[in-house]
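These notes concern the structure reproduced below.
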Amino acid sequence: MTAETSTGKGVGASVRRKEDRRHLRGRGQFVSDIRMPGMLDVAFVRASVAHGIVRDIVVPDEYRGQVYTARDFPDLKPIVAVPKIDGFKYSEHPALATDRVRFAGEPVAMAVGATRAIAEDIADAVYADIEELPAVVDTVAATLPGAPLIRDEWGDNLYVERRAEFGDLDAARRAAAVTVTREYRMNRQSAVPLEGRAILAVWDERLEELCVYTGSQSPHQTRVGMAHVLGIDERKLRLITPDMGGGFGAKRVLYPEELMVAALALKLKRPVRWLDDKREHLLSAIHCREHCHKVTAYADARGRILGLDVQVYVDGGAYSHWPNSPFMETGMAVKNIPGPYLIGAYRCHSYTVATNKSPIGAYRGVARPAACFTIERTIDEVAHAVGREPYQVRMENMVPESAMPHRSITGLVFDCGNYAESVRRAAELVGFDEVRRRQRRAEPDGRLIGVGFGAFTEQTAHGCGEWVSRGTPVIPGYESATARMLADGSLILMVGIVSHGQGLETTLSQIAHQELGIDPARVAVRHGDTQVSPFGMGTFASRSMVMSGGAVARACRGLRDKMRLIAAHAMRADPASLEFRDGRVHGPSGSMGFDEIGRIAHLRQEALPPGVEPLLDFTTTYEPAVDTGVFTYATHAAVVAVDPDTGKVDVLDYACVEDCGTMINPMIVDGQVIGGIAQGIGTALYEEIPFDENGQPLATTLADYLLPGAPEIPAIKLGHMHTPTPHTEYGMKGMGEGGAIPPPAAIANAVRDALLKLGAELNETPMTPRRVRAAVAAAQQR
Ligand code: MCN
Ligand code: SMO
């Protein structure tokens with residue numbers, strides 16, 4: 001029995017975000033806001049070349065004692081992230097370079113000073129003598145014979161190479177009426193959270209504990225990795241993530257810089273801090289995307305896809321990052337390329353490639369933006385090949401509602417929903433027919449108009465079996481929560497996830513309200529502190545609402561059962577007759593406040609029912625029963641104007657129709673979708689870190705790395721569908737990454753639609769003016 005929500009603050013209510021009170025007043029507390037007496041700031045000396053042998057690190061005499069190299073930390077272990085995947089090669093990543101550097105920007109030494117400015121001056125005076133080696137830069141070229149090697153002992157540049165085959169591809173090829181072959185590229189990017197990486201490590205002599213304030217999506221997991229590398233007991237390491245200005249996947253990594261700050265604080269027993277600036281961030285935080293997919297699609301005369309033959313290249317960069325490794329990206333791509341479609345046969349040959357570039361890691365969507373780009377562009381090209389409208393061909397290939405639940409060709413279980421309906425409604429929102437009419441009229445300024453779609457499923461809140469199949473060294477199949485009611489009836493929820501923009505302080509309080517009828521204002525959510533919450537996996541993979549929300553619901557129910565016994569005893573009522581509402585327990589003859597129950601549980605042991613222990617404290621874990629998770633889906637539609645002379649693409653109109661089952665807070669869901677779309681538009685049109693032939697990154701400032709601003713993001717039209725899943729509490733699904741997945745696909749299809757008459761198409765992101773003009777010029781030469 002669920003408590004009533006007469007006050008409209010529970011599941012499904014668009015209550016305002018609790019956390020915004022402090023943020024809007026500038027009273028949030030981020031790592032860089034924390035000051036400690038005697039604090040030292042760190043600046044790193046970084047490799048200036050992409051690949052080389054470290055001959056010497058020369059420190060001027062005047063700075064001796066203020067510069068540290070790997071030799072000062074002989075006991076520090078290297079970072080090793082080898083997933084349990086057959087054939088994945090072993091490698092070590094020393095937090096400070098020892099004999100070799102493998103990407104430009106890799107830390108080779110650290111300088112400390114009373115301020116960052118002083119530390120930077122010292123770092124500038126250090127000379128790293130590195131003998132440059134040929135760099136491995138291009139992803140595909142790295143796999144060819146004769147390419148220079150980034151690790152001689154490997155014999156090639158492949159972390160791992162894998163083949164997968166589902167269904168009978170040869171039969172599909174024989175039956176095909178059309179064959180479409182394309183190469184798609186999604187270039188290298190970086191997540192750019194407002195707050196970069198930030199860490200402050202403080203030795204506490206009294207507790208014998210290193211307290212590390214750090215922006216982390218997963219403090220419990222990071223503690224496991226950090227304690228191992230440092231070689232200390234986990235009980236001596238406390239990670240606290242205070243407010244955090246975004247993570248987007250980039251803050252769930254055991255970073256060398258962070259390890260070194262912790263190691264130095266242990267060594268000096270003084271507070272040590274490092275805050276990365278945007279240049280260091282773009283240079284050395286994990287990068288993301290960088291896929292190349294070579295695709296051949298076999299289809300019948302109506303455009304139904306019979307088979308897909310795909311080669312996936314993922315550029316993993318120089319090191320395998322802990323805990324995910326670059327295979328996370330490859331595995332996701334392989335499983336998701338077939339998209340929300342009925343594909344008869346699928347063969348995939350994947351290469352996870354090592355290059356002399358910053359390690360690749362997760363970024364909102366993880367591989368699915370590239371997978372979606374590939375399948376959605378392919379659907380459109382198949383449609384053109386058979387002379388049909390892409391909208392129709394998309395509809396006909398889609399998994400129908402009647403097939404739900406549906407096991408995809410790669411074994412993903414699509415739990416429920418009406419995918420085609422989301423396409424239909426997205427088309428309606430952008431006025432598809434009107435756009436077609438407008439195209440026929442032609443624009444007065446010579447620009448070309450196009451409309452395109454991107455449909456996808458978003459695997460969320462996946463469980464143990466899925467992570468085992470990916471071979472990750474940590475298996476985040478579950479989440480945990482403690483619900484603790486205090487003596488005055490107020491409530492603390494202690495959770496292992498970390499809300500860093502997702503509004504979870506609000507939505508978890510809504511769940512407590514739903515279960516207990518407690519005013520959300522009387523609920524505190526404590527997250528991001530390893531010494532406070534039970535072990536939890538953290539916030540990523542669009543899992544927190546389902547996983548942590550599920551754990552909180554269960555913990556609150558555990559609490560409710562005990563409160564019911566205490567109240568029934570005090571009121572001499574039948575426990576089953578009691579109702580929880582408005583912060584009170586109501587019985588047939590009168591009611592009792594949560595404060596009275598809290599007092600009995602903590603301070604008036606004599607009033608407890610016989611056999612009931614003191615305290616109101618309930619800890620539990622939660623995991624949905626479906627291994628491959630619950631699948632949110634959506635269709636995005638974009639209308640663009642392309643100027644064929646300048647190559648400029650403007651997004652004129654943009655719509656998304658999504659279904660994440662039951663929404664806990666629809667206002668927050670809308671905000672998540674819009675934020676994700678803004679990032680997806682960045683991937684589609686602006687953001688890129690190119691490298692020159694020596695492996696030097698060419699965009700390490702925000703003047704070169706173009707982020708979309710408000711003028712580039714149109715007013716986004718949102719539509720929702722509501723298909724509660726049977727597999728989770730309340731029927732909710734995750735959705736935090738979805739917004740970022742299909743914008744590149746939808747916009748590329750719209751650009752193709754605009755350029756159709758010219759015969760030009762774009763199969764690479766970002767679709768910059770230079771690339772658009774090149775595509776138009778290439779078409780004109782044919
Ligand atoms: N929500 C809801 N009802 C649902 C589902 C979600 O009300 N049925 C709300 C919840 O408040 C939830 C949020 O929407 O916290 C996102 O939901 P969920 O899908 O559970 O995702 P997570 O909370 O696990 O957040 C992680 C996800 C990921 S993986 C990335 S990357 C990303 C994203 O969230 N990074 C973000 N959104 C971000 N938003 C901000 N502001 N900052 C980031 O770093
Ligand atoms: S990229 Mo999100 O942290 O899974």
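Any read-out appearing in this document is the output of simple, stated calculations on the displayed coordinates, not a laboratory observation. Computed from a predicted structure; not experimentally measured. No Cβ is skipped: glycine too gets one built from the backbone with ideal geometry, and neighbour counts run over all protein chains shown.
Observations
- Loop sites in region 113-202: GluC sites (Glu not before Pro), DSSP, at most 14 other Cβ within 10 Å: none
- Distance-filtered residues of region 747-780 - backbone nitrogen under 20 Å, label point 7 angstrom along Arg437 Cα→Cβ: 754
- Here is how the number arises for the chain: DSSP H runs of 4 or more residues each give -39500 (n - 2.57), the sum is divided by the residue count, and the result at 222 nm is -8500 deg cm²/dmol.
- In order along region 578-583, the phi-based Karplus estimate (6.51 cos²θ - 1.76 cosθ + 1.60, θ = phi - 60°) of 3J(HN,Hα) comes to 8, 10, 9, 7, 6, x Hz; Gly and Pro are listed as x.
- Counting only DSSP beta bridges whose two residues both lie in the chain, roughly 80 percent are antiparallel.
- A DSSP coil position with no more than 16 other Cβ atoms inside 10 Å describes the following chymotrypsin sites (Phe, Trp or Tyr not before Pro) in region 458-539: Phe535.
- Taking the Cα centre of the chain as reference, the dipole from Cβ charges on Lys and Arg (+1) and Asp and Glu (-1) amounts to some 1220 debye.
- Across the chain, the mean sequence separation of Cα contacts (distance under 8 Å, 6 or more residues apart), normalised by length, yields a relative contact order of 16 percent.
- Whether the chain is rounded, prolate or oblate, judged on the alpha carbon gyration tensor where a/c under 1.5 counts as rounded: oblate
- Spacing of the two label points (7 Å from each Cα toward its C-beta) at Arg424 and Ala301, in nm: 2.8
- For the pair Arg22 and Ala703 in one chain, pulling the backbone fully straight at 0.36 nm per residue adds 242.1 nm over the alpha carbon distance.
- Here the Karplus curve 6.51 cos²θ - 1.76 cosθ + 1.60, taken at θ = phi - 60°, turns the phi angles of region 368-374 into couplings of 5, x, 6, 4, 5, 4, 5 Hz, with x standing for Gly and Pro.
- For region 498-600: rounded, prolate or oblate by the Cα gyration tensor [a/c cutoff 1.5]: prolate
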